Amino acid sequence: MGHILSSVTRKQRPGQLIRQKRTDLGLSPEDLAYAIFKAGNGEVSGRTIRRIEDPDICMVPRVRARFAIASFFDLSVTDIWPLEAPARKKVAA
């Protein structure tokens, strides 16, 4: 784990990054789901992968799916889904 991502890749949305990596391997969403399973990284459905990649949905999967996908691509979860600081609430003065 722990590939260093370029600044261009870092600015990509998670779905864009996953789609890019998946297509670089020549896999369909279902093929990727099967490859993740065969690699022993867990189970993720092709539907889940499509929903993550869809820019209109931008689904953030459950923790297990995030770990399975990141592990398959030899990345950390935060390489794909960076931690974001929680929004601060304004307090009335």
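The values are calculated or read from the model by the stated rules, or taken from the named source; none is laboratory data. No experiment lies behind these values; they were computed from the predicted model shown. Neighbour counts run over all protein chains shown; Cβ positions are idealised from the backbone, glycine included. SASA here: full protein model, heavy atoms, side chains in, ligands and nucleic acids out. Shrake-Rupley method; radii C 1.70, N 1.55, O 1.52, S 1.80 Å.
Table for the structure above
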{"item": "Estimated distance in nm for a label pair at residue 54 and residue 74, the labels positioned 7 Å out from Cα along Cα-to-Cβ", "result": "3.2 nm"}
{"item": "Taking all pairs of distinct alpha-carbon atoms in the range 19-81, Kirkwood radius in angstrom", "result": "11.5 Å"}
{"item": "For residue 31, solvent-accessible area (1.4 Å; no DNA, RNA or ligand), Å²", "result": "80 Å²"}
{"item": "Stretchable slack from residue 43 to residue 12, in nm (0.36 nm times residue separation minus alpha-carbon distance)", "result": "8.7 nm"}
